[in-house]
1. Within region B:62-102, restricting attention to residues that are among the β-branched types (V, I, T) and either within 16 Å of ligand 2 (Cβ to nearest atom) or at the interface with another protein chain (Cβ under 7 Å from one of its Cβ atoms) (or both), which residue is farthest from B:T193 (Cα to Cα)?
2. Conditions first: (1) within 16 Å of ligand 2 (Cβ to nearest atom); (2) within 25 Å of B:R181 (Cα to Cα); (3) within 10 Å of chain A (Cβ to nearest Cβ); (4) open to solvent by less than 10 Å² (accessible area, probe 1.4 Å). B:S56 passes all but one, so which condition is the exception?
3. Take residues that are under 30 Å from B:R111 (Cα atoms) and open to solvent by 60 Å² or more (accessible area, probe 1.4 Å) and tell me which of the helices (runs of 4 or more DSSP H) falling wholly in region A:1-57 contain 1 or more.
4. From the list B:E93, B:E18, pick out the single residue that is within 16 Å of ligand 1 (Cβ to nearest atom), open to solvent by 10 Å² or more (accessible area, probe 1.4 Å) and not basic (K, R).
5. Tell me yes or no: at least one residue of region B:278-287 is modelled with pLDDT of 80 or more, in contact with a Phe, Trp or Tyr (Cβ under 6 Å, 6 or more places away or on another chain), at negative phi and surrounded by fewer than 18 Cβ atoms within 10 Å (Cβ to Cβ).
6. In the list A:L86, A:L108, A:L97, A:L121, which residue meets the criterion of being part of a helix (DSSP H, G or I) and at the interface with chain B (Cβ under 10 Å from one of its Cβ atoms)?
7. Report every pair of residues separated by at least 6 positions or lying on different chains whose Cβ atoms are under 8 Å apart, first residue within region A:30-49 and polar (S, T, N, Q), second crowded, with 17+ Cβ neighbours inside 10 Å.
8. Can you name the condition, by its number, that A:E76 falls short on among (1) touching a residue at least 40 places away in the same chain (Cβ under 8 Å); (2) within 30 Å of B:I49 (Cα to Cα); (3) open to solvent by less than 10 Å² (accessible area, probe 1.4 Å)?
Amino acid sequence: MWKDNLRGIYYIALKDMKTYYLKPPAVSWGIVFPVAWILAFYLRSPQDFEKLLPGLIAMTVLFSTTAAEAVVINLELRLGSLERLLLAPISLPAVLLGKALGGVIFGLIMTGLVTSSSILLFRPQVNMLYLALILLPSLLVFSSLGALLCVMVKEVFEAQTLLNFPRFLMIFLCGVVYPISAMPVGLMHLAYLLPLTYTVDGLNYALGINGNINIVVDIILLTAFIPIFIFPAAKLLAKRFA
Amino acid sequence: MDKTFAIEALNLTKYYGETLAVDQVNFEVRRGEIFGFLGPNGAGKTTTIRMLSGLSQPSAGAIRVLGYDIGSEIVEAKKGFGVVPEYSNLYGELTAQDNLIFAAQLYGVPRQQRKRRAEELLETFGLLEKKDAHFATLSKGMKRSLTIAAALIHNPQLIFLDEPTVALDVVNARSLRSLVRELNRRGVTVFLTTHYLEEAAMLCDRIAILLQGRIIVIDTPDNLKQRVKAEHACEVRFAPMPTEVMELEGLESVYRVERSGAGFRLYGESMPDIVQAVFTYASQKGLEIVFISTTSPTLEDAFVQLTGIAPEVMLVEKGVK
Ligand SMILES: Nc1ncnc2c1ncn2[C@@H]1O[C@H](COP(=O)(O)OP(=O)(O)OP(=O)(O)O)[C@@H](O)[C@H]1O
Ligand SMILES: [Mg+2]
């Protein structure tokens, strides 16, 4: 049973990789957008760009995973091929995990490229273990968040539009462009409810800048966000096919 | 586990909000049988297949497929059946062969067998030349064939076909039907839906006629035809034409009247009695009979008779016995 599920998760992610990674909505929101945003920040202030690196990597994670989810989920919802996966001898949560894994791998490729080139260019002090321990749950969290929002709508463009609300909310509130410590108290509380805050904070520790929470807390909270997104996503998907 | 039945449905019911799509349906499909669900648009055929294959939850009732309870043992059951949905829904970006291989991976076909199995199926469905063509570029008929091939990748004991020949031309539909028969000969149980009576009659061992979510009748095609033969039809045209259908309806030995072209079609149990009644009626009313013929009812008539569906105006129901 679990063997069937693992096999399903693996092959679904593999197929999605081959099939969808180069689809325009994945490329524009998952690759072009983060790269353009990063360049814009660099051109504006090359001297303290290093301080912005954790935020920009976090943003790359957020955009790449969610953009991929919209493609792997909504293209299939629209064409009805998602049904094929639900008819296979795999549990529905496993189908959704396969879809989430597709987003994780896409995000991993993008984030890996952005992170390694920034490390080579700017040579910050890197703690590889921290980096891995923050990036891995983060990729899963935002991929799951993407899955959750994507199963709510049908079309890819609807999904991308819906995703832009949490994306931009988190970019502005979670310390990517503006430090949380300098925010009004109300917004600060809101920021602590959003997962990207912990990704940015954790990446600060990983890249030799002091964060203001705690790396272990960051990792634990990020991990806790995964089921918060993935279980309701599975519920919603089941309801869609009720 | 009951070995005689491939499918058992007990009081199967499905509501979509207020809409009652399937209404307390009961039936069994024996192993090795070709069983057809015949019904007009919106009868609930697809809804039934979706429930039987675990894709949607029944509002009430119980289902066993291949001996497994669909509520609790769905994953095990799925290993033993394949589903061909109403719309061909393979992946447009993958080639014909890759689509089959992906299906093999999902269904746990052992790695060494996947490619061979895919090739066998491509061959069977005449798609070997198209194995490297993307699904999106195939013709509608080829898409249908490949979708069916994908449902067979794991050698299922049971296959669900939702309107398998829809959108196929006559030649392709025919070859598909012989393929279904061939599968069945090899022991695969077939559950299919269709709204072609002819197709159901040609293929199925038994047919369930479904109307507005309810099963009207379940029987063999022969028995169904038998029922129709019991009802004779007489087509007649008068001059001048009577405007009141009611009078014709009132005739003894006529139990149903339909308008048919410029005349009427009268149904009854005994042809001599109907003809007698028509002549008596005509002479009483001073009408001339300009045309009269007895028509042997078509299978469509059978369907119309059993389901009572036809545009309201065309059909005047009169308590068929
Ligand atoms: N997802 C859904 N939401 C709401 N109503 C639905 C849904 N699916 C089907 N229905 C309704 O249920 C009824 C049965 O539909 P179903 O698709 O099962 O019919 P069908 O016999 O397959 O028809 P067709 O020959 O057109 O394919 C219809 O009234 C339809 O409108
Ligand atoms: Mg249908």
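The values are calculated or read from the model by the stated rules, or taken from the named source; none is laboratory data. In this text the structure is predicted, and so the values were computed from the model without any measurement. Glycine also receives a Cβ, built like all others from the backbone with ideal geometry; neighbour counts cover every protein chain displayed. Accessible surface is based on the protein model in full, side chains and every heavy atom, while ligands, DNA and RNA are left aside. Shrake-Rupley method; radii C 1.70, N 1.55, O 1.52, S 1.80 Å.
1. Filtering first and then ranking leaves B:V75.
2. Evaluating B:S56 over (1) within 16 Å of ligand 2 (Cβ to nearest atom); (2) within 25 Å of B:R181 (Cα to Cα); (3) within 10 Å of chain A (Cβ to nearest Cβ); (4) open to solvent by less than 10 Å² (accessible area, probe 1.4 Å) leaves (2) as the failure.
3. Those helices (runs of 4 or more DSSP H) span A:2-20.
4. Unique residue meeting the criteria: B:E18.
5. Going residue by residue through region B:278-287, those that are modelled with pLDDT of 80 or more are B:278-287.
Pick out the ones that are also in contact with a Phe, Trp or Tyr (Cβ under 6 Å, 6 or more places away or on another chain) and you get B:287.
Next cut, at negative phi only: B:287.
This time we only want the ones that are surrounded by fewer than 18 Cβ atoms within 10 Å (Cβ to Cβ), so: B:287.
So far as region B:278-287 goes, yes, one or more of its residues are modelled with pLDDT of 80 or more, in contact with a Phe, Trp or Tyr (Cβ under 6 Å, 6 or more places away or on another chain), at negative phi and surrounded by fewer than 18 Cβ atoms within 10 Å (Cβ to Cβ).
6. Exactly one of A:L86, A:L108, A:L97, A:L121 is part of a helix (DSSP H, G or I) and at the interface with chain B (Cβ under 10 Å from one of its Cβ atoms), namely A:L86.
7. A:S45/A:L52
8. (1)
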